[in-house]
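The values are calculated or read from the model by the stated rules, or taken from the named source; none is laboratory data. Just so you know, these numbers come straight off a predicted model, no measurement behind them. All Cβ positions, glycine included, derive from the backbone under ideal geometry; neighbour counts span all protein chains shown. Heads up: the accessible areas ignore ligands, DNA and RNA and are worked out on the full protein's heavy atoms, side chains in. Shrake-Rupley method; radii C 1.70, N 1.55, O 1.52, S 1.80 Å.
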Amino acid sequence: MSVDKRARFIGREPMALLEDELRVRGFSEVALGYTEEQAISEAKRCLKCKNPKCQLGCPVNIDIKDFIALTAEGKFIEAYKKIKEKNSLPAVCGRVCPQEEQCEVECIVGLKGEPVAIGRLERFVSDYALTKEHKKIVCEVSAGKKVAVVGSGPAGLACAGELAKLCYDVTMYEAFHEPGGVLMYGIPEFRLPKGIVKEEVEFLKEAGVKIECNVIIGKTLTIDDLFEMGFEAVFLGTGAGLPYFLGLEGENLNGVYSANEFLTRVNLMRAYRFPEYKTPVYVGNHVAVIGAGNVAMDAARTARRLGATVHIIYRRSEEEMPARKEEIEHAKEEGIGFLTLANPMKVIGDEKGYVKEIVCQQMELGEPDESGRRRPQAIPGSEFTLPVDTLVVAVGQGPNPIVTQATPDLATNKWGNIIADEQTGATSIPGVYAGGDVVTGAATVIKAMGAGKIAAAGIHNYLTNK
Ligand SMILES: Cc1cc2nc3c(=O)[nH]c(=O)nc-3n(C[C@H](O)[C@H](O)[C@H](O)COP(=O)(O)OP(=O)(O)OC[C@H]3O[C@@H](n4cnc5c(N)ncnc54)[C@H](O)[C@@H]3O)c2cc1C
Ligand code: SF4
């Protein structure tokens, strides 16, 4: 077990990490969490501010000061319940939320040193509570009205959880054979153990939410079918699962994956345990991953665990990388190479149609573009070739179009995202609400959950006044 090296300089309780060598030999979780003593000690760093700025940075407005105060007193279950009032997936958020850009960036302690480790504390109390107890949400009076939730990612789970609290009769429809959305099929086990996601889903089931997997709304059933089946409102949280490609010559060769397919094969279909599980994944000795967001880091670190030498190819510099800093550091610790300021130009295959190399061009940074990031410019005559036998493209994803194509009255924007009211989640069809990545484009777990909660309130208001 090693200790997070950055913590030494900053005064917050360090979190134990799995040894670098052990990491790449399996899919065990890398960050090991706090002990009870560490959690109490870290919680005591909180200044209990009169105006806790941290809370302003939280998209679901968790009572951070109060849950930390309870943690400092060793009242872990009470702290968990305090978080649960606002956040239905705390064990997930404690692991994957970009706290460094949200609550922690606002923390007053951060002005003089490292902010209070709010995410790590959230994770600690949630893990503690998950091992101790599971409390059902008991409804005194059933609202009796049926609501369908389409998609079981963070947006759908949060919406269903809120509606269950309000005692609606909720059925969640999921296209895959397991619920959880990206939490199950995208984010790898070593960052978010699937047992944690299953526990959170179990909590919803105990609260009375029914989950129907292997149902594709727009194919198996339409939205009209749902209304005919007696549902009085529908929430669409179908995410952004449609991968983008770069349109490079040779991108259709064998051995080129979208990050989405690559991660789904490994995470959801457990390809790393083939033939025990039926879906294989082909990974050569040399893997290149194009892109530098969280998805690219997850794909690279996954390929590394499958035994490959891995390079990230990114056309800007490390400073502009959109992935969480922690993920970049972990990737480096695990031996992943970074080819920055390198722009992929074409993919070259062998005589059997398999990828064998990728041609890139060296870049330099020019003036900032409209996003504020410095624009990469090609250096003439700087082309170079990297031998690869597997290429993973991780340059973003768009909304899954199945529901929108099957529902012509559902208004979408030019990128195919469903248009939904920010305050209520209402779409162009009465009784149909939407939220999460399908509305905003690829974003974050907590933003999707926030949208699910808003839509649940919108649905409640709609059905109460109907
Ligand atoms: C690899 C990866 C790593 C990420 N890492 C992070 C991270 O570290 N931190 C972070 O905050 N965010 C991260 N994100 C982003 C985050 O996971 C998403 O923003 C979030 O999951 C969006 O939630 P959602 O509920 O809108 O959609 P999703 O999680 O995509 O869930 C949508 C669900 O709807 C189902 N569905 C789609 N169409 C239909 C249909 N027609 N009928 C029935 N079901 C359907 C899908 O199968 C899926 O299960 C990551 C994303 C990826 C892909
Ligand atoms: S801003 Fe920081 S110190 Fe203040 S209440 Fe929030 S976590 Fe505690």
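The rows are residues; the columns are (1) within 13 Å of ligand 1 (Cβ to nearest atom); (2) of a type in the set (D, E); (3) not assigned by TED's automatic domain parsing to the domain that holds G153.
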{"site": "S88", "(1), (2), (3)": "yes, no, yes"}
{"site": "A91", "(1), (2), (3)": "no, no, yes"}
{"site": "V96", "(1), (2), (3)": "yes, no, yes"}
{"site": "Q99", "(1), (2), (3)": "yes, no, yes"}
{"site": "E104", "(1), (2), (3)": "no, yes, yes"}
{"site": "I108", "(1), (2), (3)": "no, no, yes"}
{"site": "V116", "(1), (2), (3)": "no, no, yes"}
{"site": "G119", "(1), (2), (3)": "yes, no, yes"}
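Out of all the residues in the range 369-392, is one or more in contact (Cβ under 8 Å) with a residue 40 or more places away in the chain, within 16 Å of ligand 1 (Cβ to nearest atom) and within 19 Å of P243 (Cβ to Cβ)? Among the residues of the range 369-392, at least one is in contact (Cβ under 8 Å) with a residue 40 or more places away in the chain, within 16 Å of ligand 1 (Cβ to nearest atom) and within 19 Å of P243 (Cβ to Cβ), which makes the answer yes.
Scanning the range 146-187 for residues that are open to solvent by less than 10 Å² (accessible area, probe 1.4 Å) and basic (K, R) yields a total of 0. Which one is modelled with the highest pLDDT, of the residues in the range 43-94 that are in contact with a Lys or Arg (Cβ under 6 Å, 6 or more places away or on another chain) and closer than 22 Å to L192 by Cβ? Only one residue fits best here, namely F67.
Please tell me if V116 is crowded, with 24+ Cβ neighbours inside 10 Å and farther than 20 Å from L192 by Cα. Here the answer is yes, as V116 does meet what is asked. Before we move on, is A39 open to solvent by less than 70 Å² (accessible area, probe 1.4 Å), out of contact with any helix residue (DSSP H, G or I) (no Cβ under 7 Å at 6 or more places or on another chain) and in a helix (DSSP H, G or I)? Considered against the rule, which asks whether it is open to solvent by less than 70 Å² (accessible area, probe 1.4 Å), out of contact with any helix residue (DSSP H, G or I) (no Cβ under 7 Å at 6 or more places or on another chain) and in a helix (DSSP H, G or I), A39 comes out as no. Of the residues A79, A69, which is within 16 Å of ligand 2 (Cβ to nearest atom), in contact (Cβ under 8 Å) with a residue 24 or more places away in the chain and surrounded by fewer than 23 Cβ atoms within 10 Å (Cβ to Cβ)? Exactly one residue qualifies, and that residue is A69. Among the residues of the range 417-466, how many are open to solvent by 30 Å² or more (accessible area, probe 1.4 Å) and touching a Cys at 6+ places or on another chain (Cβ under 8 Å)? Here the count works out to 2. Screening M269 against (1) open to solvent by less than 30 Å² (accessible area, probe 1.4 Å); (2) over 25 Å from N343 (Cα atoms) leaves a single unmet condition, (1). The strands (runs of 3 or more DSSP E) found entirely in the range 167-261 that carry 2 or more residues being more than 10 Å from ligand 1 (Cβ to nearest atom) and free of Cβ contacts under 8 Å to residues at least 60 places away in the same chain are 169-173, 210-212. What is the residue count in the range 163-195 for residues that are among the charged types (D, E, K, R) and closer than 21 Å to F227 by Cβ? Residues flagged as among the charged types (D, E, K, R) and closer than 21 Å to F227 by Cβ within the range 163-195 amount to 2.
Tallying residues that are part of a loop (DSSP other than H, G, I, E, B) and open to solvent by 50 Å² or more (accessible area, probe 1.4 Å) within the range 350-400 yields 9.
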